[in-house]
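The values are calculated or read from the model by the stated rules, or taken from the named source; none is laboratory data. Treat the numbers as computed from the prediction; the structure is a model and nothing was measured. With ideal geometry, Cβ positions are generated from the backbone for all residues, glycine too; neighbour counts draw on all protein chains shown.
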Ligand SMILES: Cc1ncc(COP(=O)(O)O)c(C=O)c1O
């Protein structure tokens, strides 16, 4: 059975259920598996032709022991989680215009139109199942830059064992993303908009981490989180890399390349996990916007905290990509003590110069590029203006821009898959500006679910950043007084 340890090395190994219920490890590190399961080439080949849900079952069963979730329950939960996706293929792969060997993997066909739906629906179903078994209830605190919050709010709505608090920087996400959270009519969903967040979602992350790390608060309110700090999100996201490979590579020794629009490095870390599991990956492209922390770390070995820059791809406006710690953990020989020291140094000085061996390891098979807003806009315009051209959202456009720039490094005939992480309908005002439309956008830029949200009453609490912790405590206490949740902690703390 695979057990889970902390990137900071300070905890005993725990089982899958304890790792995903807790979110963070008790020493403030991130959970990682003690060993990564290997998939042999014959096994991978035997999976050709499987649909997304069957493939997901095969991969996820390697991490989830049958004694924790029996196979038929897992299978059912996977099936149920993707029933709400609008495409029968779940995450369809399409050719990118008439560019040779370039593909778009549409990860945004779920209920809230972003790639976060791919892992969130299943994670919430798994959590609810495990909590029901333990007769417990969890309060989920979740910082969001605009897409995780909606995915969590929809996926958790009405779940008996979960209270969900999506927390976002007010005014720094699109109104459509905000409404995707505040229009959810369920009494276990409590969206909170926060004013004066200088560093956007990163500011909220700090409060969430501090509260979950506080043993008293965590125990009192049974706190956890479901952003990509939660191991389960990473594990589920590794599936789409396998799915893309199986559809694009037919030759026995062929490989695939990926361009991934990156912020907190959750999606791309899942790609590197797939590679460690045996997926034949030629290269990854880590595409960032003008917030260049990841680009600097990969290209120069300098992990630097800089001030937040607001960009068109706002969900990727992230200062500290926390999943990079997971990647560093595996790149420095799983040395938890080293990661602990590095995290401390980074916290105190805002920077870390990686030693040459670690830098060499993190660069292995990964290129990076930072794409500014004018290039992002130009890529959207050029693609849209191509006859029959594809309409990219600003996040996907960052990945496509980087792919177009760096694809000449790939061998001939190597398929290059760009991860499409959001539907353009989530950003109508920006799309109008970029495409030069005054009124109604073309059908590709609209979606009925966004129209529906416009007519629903908003359920929103707002507060200043300085009052976030006290607001959360007040809200959660009110819920506990109502006698809804149990006051028992869901996990050993
Ligand atoms: C639309 C979109 N694209 C890309 C990203 C970046 O993904 P990650 O944080 O996993 O690197 C996000 C994350 O917030 C997102 O919402």
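Considering 347, 363, 334, which residue is surrounded by fewer than 18 Cβ atoms within 10 Å (Cβ to Cβ) and modelled with pLDDT under 95?
Values: 363 fails: modelled with pLDDT under 95; 334 fails: modelled with pLDDT under 95.
Among 347, 363, 334, only 347 is surrounded by fewer than 18 Cβ atoms within 10 Å (Cβ to Cβ) and modelled with pLDDT under 95.
Check 417, 398 and return the single one that is under 24 Å from the mean Cα position of the chain (by Cα), within 16 Å of the ligand (Cβ to nearest atom) and part of a helix (DSSP H, G or I). I'd like the intermediate steps shown before the answer.
On the way: 417 fails: part of a helix (DSSP H, G or I).
Only one candidate qualifies: 398.
Pick from segment 292-323 the residues that are crowded, with 24+ Cβ neighbours inside 10 Å and without any contact (Cβ under 8 Å) to a residue 60 or more places away in the chain: which of them is nearest to the ligand (Cβ to nearest atom)?
Looking at the filtered set, the residue picked out is 321.
Checking residue 282 against (1) buried (at least 20 other Cβ atoms within 10 Å of the Cβ); (2) closer than 28 Å to residue 243 by Cβ, which single condition isn't satisfied?
Residue 282 satisfies all of (1) buried (at least 20 other Cβ atoms within 10 Å of the Cβ); (2) closer than 28 Å to residue 243 by Cβ except (1).
Taking residue 111 as meeting all but one of (1) away from the ligand (no atom under 12 Å from the Cβ); (2) surrounded by 24 or more Cβ atoms within 10 Å (Cβ to Cβ); (3) within 18 Å of residue 87 (Cβ to Cβ), write down the number of the exception.
Answer for residue 111: the failing condition is (2).
Give just the number: which of (1) closer than 30 Å to residue 168 by Cβ; (2) not in a strand (DSSP E or B) does residue 287 not satisfy?
(2)
Condition test on residue 66, is it surrounded by 14 or more Cβ atoms within 10 Å (Cβ to Cβ), touching a helix residue (DSSP H, G or I) at 6+ places or on another chain (Cβ under 9 Å), free of Cβ contacts under 8 Å to residues at least 24 places away in the same chain and over 30 Å from residue 215 (Cβ atoms)? Before the answer, list the steps.
On the way: surrounded by 14 or more Cβ atoms within 10 Å (Cβ to Cβ): no; touching a helix residue (DSSP H, G or I) at 6+ places or on another chain (Cβ under 9 Å): yes; free of Cβ contacts under 8 Å to residues at least 24 places away in the same chain: yes; over 30 Å from residue 215 (Cβ atoms): yes.
So residue 66 does not fit the description; no.
For a quick check of your reading of the model, give me the residue pairs whose first member lies in segment 412-428 and is more than 26 Å from residue 150 (Cα to Cα) and at pLDDT 95 or above, whose second is in a strand (DSSP E or B) and within 15 Å of the ligand (Cβ to nearest atom), with beta-carbon atoms closer than 8 Å and at least 6 apart or on different chains.
So the pair list comes out as 416/258; 416/259.
Among the residues of segment 422-441, how many are within 18 Å of residue 373 (Cβ to Cβ), within 15 Å of the ligand (Cβ to nearest atom) and assigned to a loop (DSSP other than H, G, I, E, B)?
1
Collect the residues in segment 85-116 that are at negative phi, free of Cβ contacts under 8 Å to residues at least 60 places away in the same chain and in contact with a helix residue (DSSP H, G or I) (Cβ under 7 Å, 6 or more places away or on another chain), keeping them in residue-number order.
89, 110, 116
Between a first residue in segment 253-275 that is within 16 Å of residue 230 (Cα to Cα) and part of a loop (DSSP other than H, G, I, E, B) and a second residue that is at pLDDT 95 or above and near the ligand (Cβ under 6 Å from one of its atoms), which pairs have beta carbons less than 6 Å apart while being 6 or more apart in sequence or on different chains?
Short answer, once both residue conditions are applied: 263/316.
Could we say that residue 341 is part of a helix (DSSP H, G or I) and either free of Cβ contacts under 8 Å to residues at least 24 places away in the same chain or within 21 Å of residue 298 (Cβ to Cβ) (or both) here?
Working: part of a helix (DSSP H, G or I): yes; either free of Cβ contacts under 8 Å to residues at least 24 places away in the same chain or within 21 Å of residue 298 (Cβ to Cβ) (or both): yes.
Against the criterion (part of a helix (DSSP H, G or I) and either free of Cβ contacts under 8 Å to residues at least 24 places away in the same chain or within 21 Å of residue 298 (Cβ to Cβ) (or both)), residue 341 qualifies.
So which residues in segment 236-265 are crowded, with 24+ Cβ neighbours inside 10 Å and over 16 Å from residue 91 (Cβ atoms)?
Once the filter is applied, which keeps residues that are crowded, with 24+ Cβ neighbours inside 10 Å and over 16 Å from residue 91 (Cβ atoms), segment 236-265 yields 257, 262, 263, 264, 265.
Kindly indicate whether any position in segment 378-394 is within 15 Å of the ligand (Cβ to nearest atom), touching a strand residue (DSSP E or B) at 6+ places or on another chain (Cβ under 6 Å) and within 13 Å of residue 260 (Cα to Cα).
no
Here are some conditions: (1) within 20 Å of residue 198 (Cβ to Cβ); (2) more than 12 Å from the ligand (Cβ to nearest atom). Residue 264 meets all but one. Which one does it not meet?
(2)
Of the residues in segment 394-409, how many are surrounded by 19 or more Cβ atoms within 10 Å (Cβ to Cβ) and more than 16 Å from residue 95 (Cα to Cα)?
Final tally of qualifying residues: 4.
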